[in-house]
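Reading through the structure tokens given below for one structure.
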Amino acid sequence: MNSIRINEDRLWSSITEMGRHGALPGGGCCRLALTREDKMGRDLFVRWAKEAGCAVSVDQVGNVYARRGGQDPDLPAVATGSHLDTQPHGGRFDGIYGVLAGLEVVRTLNDNNVRTQKPVDVIVWTNEEAARFPPPLTGSQVFAGKLKTEDVHRTLTSDGATVKDDLMDIGYYGSEIPGSRKLDAFIEAHIEQGPVLEKEVKTIGVVDCVQGAFAAEVTLTGEDGHAGTVQLDMRRDACLGAAEMIVWLNRLATDTDDLAKMTVGTLKINPNSLSTIPGRSYFTIDCRHPDRVTLESLRARVESGLAEIAARRALGFEFRIMLKKQPVKFDQNIVSIVEQATKNLAYPYKRMLSGAGHDAMNIAELAPTAMIFIPCEKGISHNEAESASLSDSAAGANVLFHAMTELAGVV
């Protein structure tokens, strides 16, 4: 077993072929969840999985499960996988790499006539990206019992259809009840989506936790006014209030510690006219930190600090939490198995946290879970320029193979 390696050319060919579905001119992909492009990507994966001898099933929110049977079919499966949907201007690796690395594990087991005690599952989770409808990580959240299937079915997409309509339209409204299958363990392989591994010249990231996050929206109400006649000290400028808040938020993060992340990704002002003082503004906050106590402290300080600025500027203030995700620590036994597989393969590595959310953080509440990162060029992701090398992609899949066979047990 120690000498077995995955077929790196086959893995690369699969990534390339999957990238043709929803291909963009700049080399990336637009394969939004439950669109025709997503259907084509799913169909391709299902065909490959069946060709590899897997039994394929689909659940009621479109999660796809490809199972390679084990010696004991009644045992829970050792699972891997990720997602096939992309951002509107996405790349060829985010999510896709984890699915196809899992498929390559199955193919490599077949190539070498390896029989495992436990079944091996490769899973495609629905709507990780939330580019057409909320929330992110939809499929894995339903699987973990955090969302109700019927609520997801009623959700409207950006095209005006319901999720259930789209699932039925693309042929991925399955009968399996999400969460009904038991998993022995779950390992998700993924590109890092950051610059750390490349900068430190490491081939593998052994991920032991995912940082927590909260997302909030802020609405400020001032008063429209004439840009040429209202004196500065008499204005209730909602845009100026937002600007002061944004600078204050950045300072709060930098003063907290090196791990705090604070981002204002959406900013809207009204009436958005050249010669009118904005009477209303709206912006969103994305705050992340790996420590639960620090994250909660930041949330409280953000709300009170922004309220103070609004009061000083005589602005109406509304603050609403849209999303809260606690930090997730992965199972140390599974993390150690991934780390040992990496050492055995002599790849340079580091233990690290994930700055982005992944489906694995939901599955971690149900089964022992870990993640494997590989470098991506310049840390770029959610971008057509997203790229990873053939050798790093193969390395991550090799670690995944050996960790999964250790967990699944070789007969």
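Every read-out reported here was derived from the displayed coordinates using simple, explicitly stated rules and does not represent laboratory data. A quick note: this is a predicted structure, and the numbers were derived from the prediction, not measured. Here Cβ is always computed from backbone atoms with ideal geometry, including for glycine, and neighbour counts include all displayed protein chains.
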Show me 97-109, 268-280 ranked by packing, highest mean number of other Cβ atoms within 10 Å first.
97-109, 268-280
Explain nothing, just the number: relative contact order of region 181-265, from Cα pairs under 8 Å at least 6 residues apart, as a whole percent.
15 percent
Please report, in Å, the Rg and the Dmax of region 212-325, where both are computed over Cα atoms only.
14.9, 49
Please sort through the DSSP H helices of the chain and keep those with an alpha-carbon extent of at least 24 Å along the long axis and a Kyte-Doolittle average not below 0.5.
238-256, 390-408
Straight-line reach check, Lys350, cutoff 26 Å on alpha carbons, 8 or more apart in-chain or any other chain, hits among lysines -> Lys199, Lys202, Lys261, Lys325, Lys329, Lys378
So for region 238-325, averaging the separation of alpha carbon pairs under 8 Å that are six or more residues apart and normalising by length, what relative contact order in percent results?
29 percent
Treat every Asp and Glu Cβ in region 174-232 as -1 and every Lys and Arg Cβ as +1, leave all other atoms uncharged, and give the resulting dipole magnitude about the Cα centre to the nearest 20 debye.
220 debye
List residues of region 16-34, by number, whose backbone nitrogen lies under 17 Å from a label position 7 Å along Cα→C-beta of Asp169.
22, 31-34
Given H placed on each backbone N at 1.01 Å, which residues far from Glu192 in sequence or on other chains put an amide H within less than 5 Å of it?
Ile374, Cys376
Have a look at Ala144, Ala238, Ala131 and tell me which one the Gaussian network model of the chain (Cα, springs below 10 Å) gives the largest fluctuation.
Ala238
Matching label for the computed semi-axes √(5λ) of the Cα gyration tensor in Å, out of (i) 36, 31, 19; (ii) 38, 28, 18; (iii) 42, 23, 19, is (iii)
Let me spell out the model: positive unit charges on the Cβ of Lys and Arg, negative unit charges on the Cβ of Asp and Glu, origin at the Cα centre of region 212-325. What dipole size does that give, in debye rounded to 20?
240 debye
Note on the chain: contact order normalised by length, alpha-carbon pairs under 8 Å, 6 or more apart, percent, works out to 24 percent
What is the set of long-range amide H partners of Thr369 at a cut-off below 5 Å, with H atoms built 1.01 Å from backbone N?
Phe186, Asp331
Within the under-10-Å Cβ sphere about Tyr65, not counting Tyr65, Lys/Arg +1 and Asp/Glu -1 give a net charge of -1
Calculate the dipole size of the chain relative to its Cα centre from +1 charges on Lys and Arg beta carbons and -1 charges on Asp and Glu beta carbons; express the result in debye to the nearest 20.
180 debye
Of Thr219, Val163, Gln332, which is farthest towards the positive pole of the chain's charge dipole, taken about the Cα centre with +1 and -1 on the beta-carbons of Lys, Arg and Asp, Glu respectively?
Gln332
